[in-house]
1. Across the stretch 35-72, which residue is most open to solvent (accessible area, probe 1.4 Å) among those that are among the small types (Gly, Ala, Ser) and part of a strand (DSSP E or B)?
2. Restricting the first residue to the stretch 144-160 and requiring it to be on the phi < 0 side of the Ramachandran plot, which pairs with a second residue that is β-branched (Val, Ile, Thr) meet a Cβ separation below 6 Å and a spacing of at least six or different chains?
3. Enumerate the pairs (first residue in the stretch 43-54 and in contact (Cβ under 8 Å) with a residue 12 or more places away in the chain; second residue anywhere and of a type in the set (Asp, Glu) and exposed (fewer than 13 other Cβ atoms within 10 Å of the Cβ)) with beta-carbon separation below 9 Å, excluding pairs fewer than 6 apart on the same chain, so at least 6 apart or on different chains.
4. Report every pair of residues separated by at least 6 positions or lying on different chains whose Cβ atoms are under 7 Å apart, first residue within the stretch 106-134 and among the β-branched types (Val, Ile, Thr), second part of a helix (DSSP H, G or I).
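The values are calculated or read from the model by the stated rules, or taken from the named source; none is laboratory data. Because the structure is a prediction, the values reported are computed rather than measured. Methodologically, a virtual Cβ is constructed for each residue, glycine included, from the backbone with ideal geometry; neighbour enumeration extends over all protein chains shown. Side chains are part of the model used for accessible areas, which takes the heavy atoms of the whole protein and leaves out ligands, DNA and RNA. Shrake-Rupley method; radii C 1.70, N 1.55, O 1.52, S 1.80 Å.
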Amino acid sequence: SENVAVNFPIVFSSEENPSLFAITSLGNQNLAMNSEGKWLSSYVPAVYRKYPFAYASIKENLEQKAVVIDIEAQNLSETEGEALFDEQSNQTELLKDTIQFLTSYEQEAMKTKSLAKIVLDSGILEDRELSIGEGETKQVLVKGFKVVSVEKLNALDDATLASWVRNGVISFINIHLKSLNNLQNLMNLLHQRNN
């Protein structure tokens, strides 16, 4: 999420087991892509880079993962491109690299979720929405997300803060807080696109 945080605000979802997500849309406009669906920033998030591949848990054994492919994907072909298996039905380097990428992605996602849960359980998150205008002209652009309250963070006891420095929670929070500066960038992009 550090690379994404350079361009977009990274916030916590409002669910019981929160995850992090990048705000890339305001209202109904996705400001991260152009009209042809091309990603505009220099960093393309892993969730898009792994497509059309994904991991899925196997029903009989949730610990076991299977690689699934969106067979409707436009960048998938049965006749041209790089093969996933060789003539002996062994995995090619492309498929091995894809599996390695999916594994890393899964591990990072689990790590992020566990850090987000620590932050949620500490009680330092607060609900936030992004809107323009006041009163009857108020238009909510994004809602249903949470951010860290710096005031509540600073009020935590020393033992908690010390352990958070050691286990990476503070670094995680700092990336999130720094990324919130990008909210203004998004507002500027929205203004440019609509004028």
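1. Across the stretch 35-72, the extreme among qualifying residues is SER57.
2. PHE145/VAL11; VAL147/VAL11; VAL148/ILE124; VAL148/ILE173; SER149/ILE124; LYS152/ILE124; LEU153/ILE124
3. Short answer, once both residue conditions are applied: ALA46/GLU108; TYR51/ASP70; PRO52/ASP70; PRO52/GLU72; PHE53/ASP70; ALA54/ASP70.
4. ILE118/VAL169; VAL119/VAL169; VAL119/ILE173; ILE124/LYS152; ILE124/LEU153
Residues are listed down the side, and each one gets a yes or a no for (1) closer than 18 Å to LEU102 by Cα; (2) in contact with a helix residue (DSSP H, G or I) (Cβ under 8 Å, 6 or more places away or on another chain); (3) free of Cβ contacts under 8 Å to residues at least 12 places away in the same chain:
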position: GLU16; (1), (2), (3): no, no, yes
position: SER25; (1), (2), (3): no, no, no
position: ASN30; (1), (2), (3): no, no, yes
position: LYS38; (1), (2), (3): no, no, yes
position: SER57; (1), (2), (3): yes, no, yes
position: LYS65; (1), (2), (3): yes, yes, no
position: ILE69; (1), (2), (3): yes, no, no
